[in-house]
Amino acid sequence: MPRVFICYRRDDAPASAGRLYDRLADRFGRDHVFMDVDTIRPGQDYAAQIDDFVGGCDALVAVVGRGWVGAGAEGGRRIDDPGDYVRLEIEAALARDDIQVLPVLVEGGSMPAPGDLPPSLAAFAGRQAVDVSQSRFGYDAGRLADAIEGGVAAPPAEVREVREERSGGLLRRPIVWVGAAVVVAAVAVALVLALGGGGDDEADPSASGDGPSLEAGRSVTLAAFEAWQSDELYRLEDSQISASALRALNQMPFAPVAPLPPAPGACSGTPDEVGCTYVYPGLGIYLSFVALRYPGGLRLADVRCYDDQGKELSGGISTCARIVEES
């Protein structure tokens, strides 16, 4: 089974990276798909640690959104910084012949030209990219998994042992799972268009399957909302709420004002991905609760904050929390 590392820029396309993680983990197992290096301690050689870490994998999936090059200080680009972690991760993979490097284009991202990249990344521009659209995410993610599986041969036992040893203690499965926000009423159209819209078909873009109802999704978001408002989020189990959604709600105050829950039938999306809007009256903001289908049913996967024009707030949940606290 291939070991896959997902390389992404945290302020570029974290939602798509999180969704890809879940899809690839379903295919290859959660012990074989990884994001981030979280055990590098102060004083350690960061570049050397990343080299060892990436060297323990068979494939590197580079998630490329519109902001992939990254805005650096004083108008520069982060990708031009020799210490940029995205650059270091891709450089480490390109330097090895036994690691697949697969660019994945999401959320309007496009492949850079060789001349737009540092010389050490010029070869990256020549790699065949996989385009993953929001409207047929499941199908495209399946094609990506096929490409990984088809391009990775099982290494000899001694190579596997070396990889396990080199990457031991550095691999982390992410606690972040963020899905596409889907909202209702006037802001719904703008937000769905911004996200690329659409469902999440598994086998084919035109496929449609049975699943939970939209009202079941509303019930899932409402259960989390009520636990949040009663200061009892700790009672929710992993099957009811993701770590990222839990972290977002823990940042949000439940006083002095609370958002209004959606009325029955007011949520939208698909049976596999249900979005419900919780509006703060008079503040010009709302929370989007997104329930996603997991084995065994639906769970709250993501909570984000938007203004009344359907634009996600700069600073995200932290900005939203400040607005509520100051109201």
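Brief remarks follow.
- Subset of the range 245-289 that is modelled with pLDDT under 85 and in contact with a Pro (Cβ under 9 Å, 6 or more places away or on another chain) - its residue that is surrounded by the most Cβ atoms within 10 Å (Cβ to Cβ): Asp272
- Residue pairs whose Cβ atoms lie under 9 Å apart, separated by 6 or more positions or on different chains, with the first residue in the range 138-160 and farther than 21 Å from Leu292 by Cα and the second at pLDDT below 50 and outside any helix (DSSP H, G or I), are Arg160/Ala154.
- Lone qualifier among Asp58, Asp38, Asp51 - being in the same structural domain as Pro103 (by TED's automatic domain parsing), acidic (Asp, Glu) and at pLDDT 85 or above: Asp58
- Close pairs (6 angstrom Cβ cut-off, 6 or more residues apart or separate chains): assigned to a loop (DSSP other than H, G, I, E, B) in the range 249-262, of a type in the set (D, E, K, R) anywhere: Pro253/Glu325
- Members of the range 296-327 found to be in a helix (DSSP H, G or I) and at pLDDT 85 or above, listed by number: Ile317, Ser318, Thr319, Cys320, Ala321, Arg322, Ile323, Val324, Glu325
- Of Leu94, Leu88, all but one fail to be at pLDDT 85 or above, closer than 15 Å to Val54 by Cβ and in contact with an Asp or Glu (Cβ under 9 Å, 6 or more places away or on another chain); the exception is Leu88.
- Criterion violated by Ala122 - all others in (1) over 16 Å from Tyr8 (Cα atoms); (2) assigned to a helix (DSSP H, G or I); (3) in contact (Cβ under 8 Å) with a residue 12 or more places away in the chain satisfied: (3)
- Residue in the range 213-225 that is touching a Phe, Trp or Tyr at 6+ places or on another chain (Cβ under 6 Å), farther than 30 Å from Ala145 by Cβ and modelled with pLDDT of 85 or more present: no
- Residue list for the range 263-285, restricted to those being assigned to a loop (DSSP other than H, G, I, E, B) and under 18 Å from the mean Cα position of the chain (by Cα): Asp272
- Picking from residues in the range 211-244 that are in a loop (DSSP other than H, G, I, E, B) and of a type in the set (D, E, K, R), the one that is surrounded by the fewest Cβ atoms within 10 Å (Cβ to Cβ) is Glu237.
The values are calculated or read from the model by the stated rules, or taken from the named source; none is laboratory data. Everything numeric here is computed off the predicted structure, so don't read it as measured data. We place every Cβ from the backbone using ideal geometry, glycine too, and count neighbours over all the protein chains shown.
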